[in-house]
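The values are calculated or read from the model by the stated rules, or taken from the named source; none is laboratory data. What you are looking at is a predicted structure, and each value in this text was computed from that prediction instead of being measured. In this analysis, Cβ positions are derived from the backbone assuming ideal geometry, glycine residues included, and neighbour counts consider all displayed protein chains. We work out accessible area using only protein heavy atoms, side chains counted, and drop any ligands, DNA or RNA first. Shrake-Rupley method; radii C 1.70, N 1.55, O 1.52, S 1.80 Å.
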Amino acid sequence: MYAWIFRHLPGPLWIRIVTAVVLVAGVVLALMTYVFPWSSEFSFLSPLTDSTIGGS
């Protein structure tokens, strides 16, 4: 899959590498900003990560 995407990117090798890095950074940013916080609300591990410091 990644090879197919890389082959279909336009330009010479150095432009394809820069474009691939920008695309990967964008996907990671989107996951960290929107997807993971949203999905953590539905995680069964949520009680394990809840903090008890300062609780009464």
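Give me the pairs: first residue in segment 10-29 and free of Cβ contacts under 8 Å to residues at least 12 places away in the same chain, second residue of a type outside the set (G, A, S), beta-carbon distance under 6 Å, and six or more apart or on different chains, which are they?
What qualifies is R16/L9; T19/L9.
Name the single residue that is modelled with the highest pLDDT among those in segment 37-49 being of a type outside the set (S, T, Y) and open to solvent by 100 Å² or more (accessible area, probe 1.4 Å).
Within segment 37-49, the first condition is being of a type outside the set (S, T, Y), and the residues that meet it are 37-38, 41-42, 44-45, 47-48.
Still in the list and also open to solvent by 100 Å² or more (accessible area, probe 1.4 Å): 38, 41-42, 44, 48.
Working: W38: 84, E41: 75, F42: 74, F44: 68, L48: 60.
Among those residues, the one meeting the criterion is W38.
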